[in-house]
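For reference, the structure is listed below as structure tokens.
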Amino acid sequence: MREEEEKLLAEAARKARGNAWAPYSGFTVGAALLCADGTVCTGCNVESTSYSPSCCAERVAFYKAVSVGERKFAAIAIAGGEAGEEPSGFCPPCGVCRQVMAEFCAGDFPVILAGRGAERKTVTLAELLPLRFGPDNLLRE
């Protein structure tokens, strides 16, 4: 993935944060998922008073993409931080979101963590979720 593509995806994630519904935690997250065909599906976190029905931005982006027929993905960018403030650091995906990524993506899937300003760090799904459970990563003797 070219640096310019990473930058644009990170910006789309930052923009998606603006739609987050996080009145309880005050922590807003945006995600931008690049599909293999070039389509970008964004997502934001949506909280509920009882928390467990809440959904993270990354899963919203994946579910949105799957709901319109997408099944192949090239990268995801994630930006998160206190509501109304620029991110002060990187916001890696939670364990549940990592497992959803593993359902659709191989270990080399790029995860772009968008920080303050133009700052970003790219890691792979395998780095975030080693020995993940999934069809391409079954342990065999």
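Just give me the residues in segment 1-10 being in a helix (DSSP H, G or I) and in contact with a strand residue (DSSP E or B) (Cβ under 8 Å, 6 or more places away or on another chain), in sequence order.
Listed by number, the residues that qualify are GLU5, GLU6, LYS7, LEU9, ALA10.
Open to solvent by 50 Å² or more (accessible area, probe 1.4 Å) and modelled with pLDDT under 95 - does that describe any residue in segment 28-50?
Yes, segment 28-50 contains a residue that is open to solvent by 50 Å² or more (accessible area, probe 1.4 Å) and modelled with pLDDT under 95.
I'm trying to understand the selection: among the residues of segment 70-118, which are closer than 27 Å to TYR24 by Cβ, open to solvent by 30 Å² or more (accessible area, probe 1.4 Å) and either among the basic types (Lys, Arg) or assigned to a loop (DSSP other than H, G, I, E, B) (or both)?
Residues satisfying the conditions are ALA83, GLY84, GLU85, GLU86, SER88, PHE90, PRO92, CYS94, ARG98, ARG116.
I'd like to verify a number: residues in segment 41-69 that are among the β-branched types (Val, Ile, Thr) and touching a helix residue (DSSP H, G or I) at 6+ places or on another chain (Cβ under 6 Å), how many? Don't jump to the end; show me each part of the working.
First, pick out the residues of segment 41-69 that are among the β-branched types (Val, Ile, Thr): 42, 46, 49, 60, 66, 68.
If we keep only those that are touching a helix residue (DSSP H, G or I) at 6+ places or on another chain (Cβ under 6 Å) as well, we get 42.
Count: 1.
Please go through (1) in contact (Cβ under 8 Å) with a residue 40 or more places away in the chain; (2) outside any helix (DSSP H, G or I); (3) under 24 Å from ASP108 (Cβ atoms) for ARG59 and return the number of the only condition it doesn't satisfy.
With (1) in contact (Cβ under 8 Å) with a residue 40 or more places away in the chain; (2) outside any helix (DSSP H, G or I); (3) under 24 Å from ASP108 (Cβ atoms) applied to ARG59, the lone miss is (2).
Do you know which residues across segment 13-56 are within 15 Å of the chain's Cα centre (by Cα), assigned to a loop (DSSP other than H, G, I, E, B) and of a type in the set (A, V, I, L, M)?
Answer for segment 13-56, where residues must be within 15 Å of the chain's Cα centre (by Cα), assigned to a loop (DSSP other than H, G, I, E, B) and of a type in the set (A, V, I, L, M): just ALA20.
Identify the single condition in (1) loosely packed, with under 12 Cβ neighbours inside 10 Å; (2) under 20 Å from PRO92 (Cβ atoms); (3) of a type in the set (S, T, N, Q) that SER67 does not satisfy, given that it satisfies every other one.
(2) is the only condition that SER67 fails.
What are the pairs, 6+ residues apart or on separate chains, where a residue within segment 83-110 that is closer than 14 Å to ALA13 by Cβ has its Cβ under 6 Å from a residue that is part of a helix (DSSP H, G or I)?
Listed by first residue and then by second, the contacts come to PRO93/GLU58; CYS97/GLU58; CYS97/ARG59.
The values are calculated or read from the model by the stated rules, or taken from the named source; none is laboratory data. Quick caveat: nothing in here was measured; it's all calculated off a predicted structure. When we count neighbours, we look across all protein chains shown, and the Cβ atoms used for this are built from the backbone with ideal geometry, even at glycine. Note: areas computed on protein heavy atoms with side chains; ligands, DNA, RNA excluded. Shrake-Rupley method; radii C 1.70, N 1.55, O 1.52, S 1.80 Å.
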